[in-house]
Every structure is written in structure tokens, then in C-alpha cells.
Amino acid sequence: MIRERITIQDYERISRENEYYLWHFVRKSNTGPVMIYSYFEEEEPFKGHQLKGILDKIHIPYFESYLEDSFDFLIDLGISAKLLWQPEVKEFNTIILAFNKRRKVTSTFEGYCMCMEGVLDMIYLLNPQYILNAKFD
């Protein structure tokens, strides 16, 4: 089960090594509201750790980078700068992207909510076998 913090310099490697994967771009600080926290955070306040709870059962490769360090990369992938940056609060919006090798399939900005249901739907779109083979209690 792959869970790794990476930088955009790792893109070539992860796209060669993984047919399907999720890439979560998180803020360096959790100062504003966040719907889905970093997999590597201890726990979401008041909720437990929803992302960790799901990804510990679904064995899709998961990577994480800081959005602030990846802004140009995301723009080059076709993500709108207006969706990534909230000027009124001077804060970045977090985003999860679903990939098939080097091809971005979808993201939480493209019809999927930044919520656990949206993440599950994106995984199912990539390859339903991840959901069908999951070990849910």
C-alpha cells in the first residue's frame, strides 16, 4: 500500500510505477477550513480521520504534495488558478486529482466534491476493482 509525500519532481517516477493513483495537494498550514485533511495528519478535529479510514481499506496508491509548491504544475495540468486561490481569504483550496499513469482523469474541482463520497466516486471512476476489492467491515 503506497502512501507517500512527494514533490512534483517525482511525477515521472510515480506515473511510470503506478497505473492508477490519487494525488492530494494540501496546504502547508491548516489555518482555514479544510474538507479533507492530509493523510499524514494525526486526526481531523471533531471527525476522526476520514481519509485515512477510507484509504486504509482501499489500496489505491496515494501521494501528497504541498499546493503552494505545486501551483504552476497544477496550472499546466489545466486547473484554473481562480479555483486554486481564494483572494478574499488569501488561502489556497486543496484539491485531489485522479490519474491513469500520466493522464489526469478528474479532480475534486471537476464534478466531485471535496468530501469522502467524492473521493470514493473518483476511485470508482478510475478502476472499480479498488472499491470492489476493499476490505470494508
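We did not get these values from a lab; they are worked out from the coordinates using the rules stated. Keep in mind that this is a model prediction, so the values were computed, not measured. Note that we place each Cβ from the backbone using ideal geometry, even for glycine, and neighbour counts take in every protein chain shown.
Here is how the numbers come out for the structure above:
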item	result
Packing-based exposure ordering (other Cβ within 10 Å, fewest first) of LEU22, LEU120	LEU120, LEU22
Residues MET122, MET1, MET35, sorted so that the one with the fewest Cβ neighbours within 10 Å comes first	MET1, MET35, MET122
ARG27, ARG3, ARG103 arranged by Cβ crowding within 10 Å, fewest neighbours leading	ARG103, ARG3, ARG27
Among ILE79, ILE60, ILE96: highest mean-square fluctuation, GNM of the chain, C-alpha pairs under 10 Å	ILE79
Set of lysines with alpha-carbon distance to LYS135 below 28 Å, sequence-local pairs under 8 removed	LYS47, LYS52, LYS57, LYS101, LYS104
Identified option (computed Cα extents along the principal axes in Å; candidates (i) 99, 28, 26; (ii) 42, 37, 25; (iii) 57, 32, 29)	(ii)
Lysines with Cα under 21 Å of LYS90, excluding same-chain neighbours fewer than 8 positions away	LYS28, LYS82
D_trans [Stokes-Einstein, Kirkwood Rh over alpha-carbon pairs] for the range 71-132, 10 °C, 1.306 mPa s, µm² s⁻¹	126
Over the range 46-100: Rg over Rh, Cα atoms, Kirkwood Rh	1.03
GNM flexibility winner over the chain from SER38, SER29, SER80 (Cα, springs under 10 Å)	SER29
